[in-house]
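The values are calculated or read from the model by the stated rules, or taken from the named source; none is laboratory data. Note that the structure is predicted; figures quoted are calculated from it, not measured. As a convention, Cβ positions derive from the backbone with ideal geometry for all residues, glycine included, and neighbour counts pool all protein chains shown. The area values use the complete protein model at the heavy-atom level, side chains included, leaving out ligands, DNA and RNA. Shrake-Rupley method; radii C 1.70, N 1.55, O 1.52, S 1.80 Å.
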Amino acid sequence: MNPVLALFLLFSTPGVLEPPPLLLLHGGSAAPRAWLGAVQSALWICWDDGTRRGAPDAACWQRVDLPPGAPDPREARAAFLDAATAVVRGADDATFVLMRGDPSLQAADAAIDPRERLTAIACSPSGHVPIYSRGSWAWAPSPCPLPAGQCVRGPALARLRRPSAFDFFVSLELRAQARRGVGMASEATTDTTVVASLGVAFDPMRWIGRQLAWHELHAARRPQLRELPPTRSRGPLAAVEREALAAIVCGGEVR
């Protein structure tokens, strides 16, 4: 076959040069300017799309290093915990954490069970969606209302100290004893004694009760996923509405 004809057929055949399917996950209320992207078997991250300053920035994307045993991004479940932390879990429940500033997935034992998969997204609450073509990233305008999503509720309690099995107690006792001589002219004297006691006690039933209470309080400190209702606004206003909903449902400041 003529080489020129072969090149013509290659570039003119429909679908030959179509870009690979792009799967995405938006950061939601936990990270409203962050994105995860999967192109074929490669995972990409954009921590800050730049929409706070104006138009989205295509230079925010960086490729994630996948260690051995990491799940295929096209099959994994993922979630953003905040604007600097993402969790990725594979079908075998192996969990990996991605931290801002570190381009590699790190194996971790996370308590969060992400439920969302990367999927094709036609629109976004920020008004733009990422596109990937010929090895480079770009943005296309496409606003839409926010669907129902999730937010991460942080621990409501401070760090707890594990209860001890023993009770320690200290007691102080002051004793005074007056003495008077036999004669009427004798002066009275007073003896003062201070008694200090240090004790240790162990009650098995009380210790078991403390352990149960500690475990219940410790479970309350774990981050929890909460469901959010869909927004009724579109464009940038939808992101503001979602942040307000997340602040109500999950409490605290939404980043």
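Taking the range 113-129 as the range and being more than 14 Å from LEU25 (Cβ to Cβ) and open to solvent by less than 60 Å² (accessible area, probe 1.4 Å) as the test, the residues that pass are CYS123, GLY127, HIS128. Within the range 63-102, the set of residues being in contact with a Lys or Arg (Cβ under 8 Å, 6 or more places away or on another chain), crowded, with 20+ Cβ neighbours inside 10 Å and hydrophobic (A, V, I, L, M, F, W, C) comprises ALA76, ALA78, ALA79, VAL88, PHE96. Of the residues that sit in the range 103-112 and are without any contact (Cβ under 8 Å) to a residue 40 or more places away in the chain and under 24 Å from ARG63 (Cβ atoms), which one is least open to solvent (accessible area, probe 1.4 Å)? By that ranking, first place goes to ALA110. The number of residues in the range 120-133 that are at pLDDT below 85 and either under 14 Å from ALA58 (Cβ atoms) or in a loop (DSSP other than H, G, I, E, B) (or both) comes to 5.
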